[in-house]
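Working notes, structure below.
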Amino acid sequence: MLLFSTWVLMAFLSLLSSPVAGEELFEVRMWPEWPVVEAGKDLWINCSTNCTSPQGGGIETRNIKMTTMREGTHWKAFHLSNFSENTNIFCYFICSDIQKRKSVSVIVYRPPQQVTLSLQPSWVIVGKNFTLTCHVPNVVPLENLTLTLLQGTEKLYRQTFVTVPTALQDAWLTLNVTARREDSKSNFSCHAELDLRPHREQLFSATSEPKMLEIFEPSWNNQMLVTIIITILLLLVFVISVCLCFAYGQHWRQHRTGGYGVLAAWRNYRIRGL
Ligand SMILES: *[C@@H]1O[C@H](CO)[C@@H](O)[C@H](O)[C@H]1NC(C)=O
Ligand SMILES: *[C@@H]1O[C@H](CO)[C@@H](O)[C@H](O)[C@H]1NC(C)=O
Ligand SMILES: *[C@@H]1O[C@H](CO)[C@@H](O)[C@H](O)[C@H]1NC(C)=O
Ligand SMILES: *[C@@H]1O[C@H](CO)[C@@H](O)[C@H](O)[C@H]1NC(C)=O
Ligand SMILES: *[C@@H]1O[C@H](CO)[C@@H](O)[C@H](O)[C@H]1NC(C)=O
Ligand SMILES: *[C@@H]1O[C@H](CO)[C@@H](O)[C@H](O)[C@H]1NC(C)=O
Ligand SMILES: *[C@@H]1O[C@H](CO)[C@@H](O)[C@H](O)[C@H]1NC(C)=O
């Protein structure tokens, strides 16, 4: 009885550890393991297996067009075209009537092309704030994008978009800066960098046109100087005319008084004479 149980147990264990008659352990592999492709571009996906005689195999995609296929006894390679967004691709092989699947997720990127920097307002008085705004349209994945605001070659601010909603494809960055006198001669710019390493060797980057800021001193700018000169001139004209009026008025009164004097004297003379 004990012997029989042991025999059953051993048979059961060997059944668990080894494949059923005719079944073969195999695996499915996909290459590349970390596919990265530019939006609108094509990609080869190679599915392979170590099964000795596969009964069949294929690929499953959604919204991706397959243009060509090549195959060997242990692999099938598919040319997929026009990727527009991140997608999963499945590969399968059938071996000893068993199907095994594997998947990879394809990451679609759009490199930064158009980087624009705007300064607001376009002129500012020393000590007042101005805003730098950098915009990069149509760039993904944002979590691998770094924007740097530069003044000349000096880095003012740097941001990597760590967590972003997947639907976003526009990158914005703003910074408030207080204007200094020495800022008026410097070029501001924005640098965008999409880093897809280590999955892809390239580092994509683009820089905006440089922008300059007009900065005015609060006390002695040209407009104020002109205003002050005009005010002083007007004041002078006013003072001079007041003085002239006064002098002329005085002169006229004296003349009139003098006239009365003569008249009075003449009257007196006539009265005395009578
Ligand atoms: C296939 O690869 C797997 C994992 O490396 C291995 O366990 C299995 O024995 C291999 N099968 C064949 C037929 O080589
Ligand atoms: C696909 O992968 C297999 C196994 O790694 C390789 O032997 C075959 O040459 C590859 N085919 C293409 C078209 O790259
Ligand atoms: C590629 O895909 C885009 C968007 O899915 C589509 O507008 C365009 O017509 C496609 N191009 C080709 C050549 O199929
Ligand atoms: C910059 O300043 C403007 C106006 O003062 C304000 O609306 C905006 O929120 C500020 N932005 C940042 C990033 O501080
Ligand atoms: C101006 O910008 C500085 C940072 O550069 C900020 O600390 C300050 O609050 C800003 N002032 C105003 C009025 O927005
Ligand atoms: C700022 O940019 C302009 C145009 O690119 C260039 O001519 C000028 O030399 C630059 N000035 C400085 C200080 O870098
Ligand atoms: C994007 O950046 C993250 C974090 O650094 C990294 O894990 C991921 O592999 C990058 N994506 C690509 C496509 O390179």
Inset, instruction - Could you work out the local net charge near Gly127, counting Lys and Arg as +1, Asp and Glu as -1, over the other residues with Cβ closer than 12 Å to its Cβ? - result: +1
Inset, instruction - Any chance you could look up the accessible area of Ile215 with a 1.4 Å probe, heavy atoms only, rounded to 10 Å²? - result: 30
Inset, instruction - Report the net charge of residues surrounding Thr61, where surrounding means a beta-carbon distance below 14 angstrom and charges are Lys +1, Arg +1, Asp -1, Glu -1. - result: +2
Inset, instruction - Run the 1.4 Å probe and let me know the accessible area of Asp195, rounded to the nearest 10 Å². - result: 50
Legend entry - Solvent-accessible area per residue, Å², over the stretch 24-109 with all protein chains present [probe radius 1.4 Å]: 58
Inset, instruction - In debye, nearest 20, what is the charge dipole magnitude of the stretch 24-109 about its Cα centre with +1 on Lys and Arg Cβ and -1 on Asp and Glu Cβ, if you could check? - result: 100
Inset, instruction - Would you work out which of Pro165, Thr116, Ile94 lies farthest towards the positive end of the dipole of the stretch 62-168? Charges go on Cβ: Lys and Arg +1, Asp and Glu -1. - result: Ile94
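To the nearest 20 debye, what charge dipole does the stretch 116-216 have about its Cα centre, counting +1 at the Cβ of each Lys and Arg and -1 at the Cβ of each Asp and Glu?
260
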Legend entry - Too-long pairs where the Cα-Cα distance tops 20 Å, listed order kept, from Lys65/Lys100; Lys41/Lys100; Lys185/Lys211: Lys65/Lys100; Lys41/Lys100
Inset, instruction - Quote the FRET efficiency, to the nearest 0.05, computed for Arg253 versus Thr231 with a Förster distance R0 of 30 Å and r equal to the Cβ-Cβ distance. - result: 0.40
Inset, instruction - Compute the signed sum of charges (Lys and Arg +1, Asp and Glu -1) over the other residues within less than 14 Å, Cβ to Cβ, of His199. - result: -3
Inset, instruction - Provide the per-residue ³J(HN,Hα) series for the stretch 80-88, in order, calculated from phi with Karplus coefficients 6.51, -1.76, 1.60 and θ = phi - 60°, each as a whole number of Hz, with x at glycine and proline positions. - result: 10, 10, 6, 6, 10, 8, 4, 8, 9
Inset, instruction - Sort Leu244, Leu25, Leu175, Leu80 from largest to smallest accessible area, using a 1.4 Å probe on the heavy atoms of the protein chains. - result: Leu25, Leu244, Leu175, Leu80
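The values are calculated or read from the model by the stated rules, or taken from the named source; none is laboratory data. All figures in this text were calculated on a predicted structure; none of them were measured in a lab. Ideal geometry is used to build each Cβ from the backbone, glycine not excepted, and the neighbour counts take in all protein chains shown. With ligands, DNA and RNA removed, areas are computed over all heavy atoms of the protein, side chains included. Shrake-Rupley method; radii C 1.70, N 1.55, O 1.52, S 1.80 Å.
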